[in-house]
Amino acid sequence: MSKPHVRHYKQATAEWKEQAIRRCLLDGEPVRSIAEDIGYTESIVYQWLRSYREKESAST
């Protein structure tokens, strides 16, 4: 049985986002697993990844 998504009324800290991104990109952990673990939706984690990639491509 899947867990219901928890809505967060506070924004995640930059450190929290970085840890999720690192788990996905460096450790190869699936976004779904990360999202379930931290209590955010997959779409939010994908937004963090997209934002991170855009910042990286703009800095090169």
Solvent-accessible area of Arg53, probe 1.4 Å, all protein chains present, reported in Å² to the nearest ten, please. 130 Å²
Of the listed peptides 37-43, 24-30, what is their order by residue-averaged count of other C-beta atoms within 10 Å, with the highest listed first? 37-43, 24-30
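The values are calculated or read from the model by the stated rules, or taken from the named source; none is laboratory data. As the structure is a computational prediction, the values presented were derived from the model and not from experiment. Counting neighbours? That spans all protein chains shown, and the Cβs are built from the backbone with ideal geometry, glycine included. We work out accessible area using only protein heavy atoms, side chains counted, and drop any ligands, DNA or RNA first. Shrake-Rupley method; radii C 1.70, N 1.55, O 1.52, S 1.80 Å.
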